[in-house]
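*Asks:* Take this structure first; my questions come after.
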Amino acid sequence: MARHHSSFAAVIGACLCVALGVAGAQAAGLGGSWSGQVAQSNPPATYPVEMQLSGESGRIDYASLGCGGTLEFLRTDGTSHWYREHISYGKDKCIDAGVIEMRTHPAPDNASLDWTWSGGGVSVRGVLRSGGAGRK
């Protein structure tokens, strides 16, 4: 019985190591400064976006709209990184809790990302350029 119990414990331990390894792989967010012009479809508007990313967290500012807040890393699939936006100032000017997808831009340089924001029936798209650092 003791031998079966220690084998069971070894299997559980191996499963935990694999699960923790997968969770660690999911925490590979982006880093650095990213900025660019984005275009909103409904209602139509164009405005600048500035993001400061540090892996699993970050900040976002829509200076011309008078709002911004924090970013929470959600996941990555290798080519895209998803963040949840939490508006902390100017809540009356911007929609809270949108999801941002940043996808590697097809340009030859790695300093550009396709940026898509969605939430509350609004879609916003643009290309952001790195002001430094980039992928972690």
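The values are calculated or read from the model by the stated rules, or taken from the named source; none is laboratory data. Predicted, not measured: the structure shown is a model, and the values here were computed from it. Every residue, glycine among them, receives a Cβ derived from its backbone with ideal geometry; neighbour counts consider all protein chains shown. Ligands, DNA and RNA are excluded from the accessible area calculation, which covers all protein heavy atoms including side chains. Shrake-Rupley method; radii C 1.70, N 1.55, O 1.52, S 1.80 Å.
*Asks:* Using beta carbons and a limit of 8 Å, which pairs, at least six apart or on different chains, have the first residue in region 28-47 and more than 14 Å from Trp115 (Cα to Cα) and among the aliphatic types (A, V, I, L, M) and the second one in a strand (DSSP E or B) and modelled with pLDDT of 95 or more?
*Replies:* Close Cβ pairs satisfying both conditions: Ala45/Ala39.
Residues checked against (1) open to solvent by less than 50 Å² (accessible area, probe 1.4 Å); (2) among the charged types (D, E, K, R); (3) modelled with pLDDT of 95 or more:
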position	(1), (2), (3)
Glu50	no, yes, yes
Ser54	no, no, no
Arg59	no, yes, yes
Leu65	no, no, yes
Ile95	no, no, no
Pro106	no, no, no
Lys136	no, yes, no
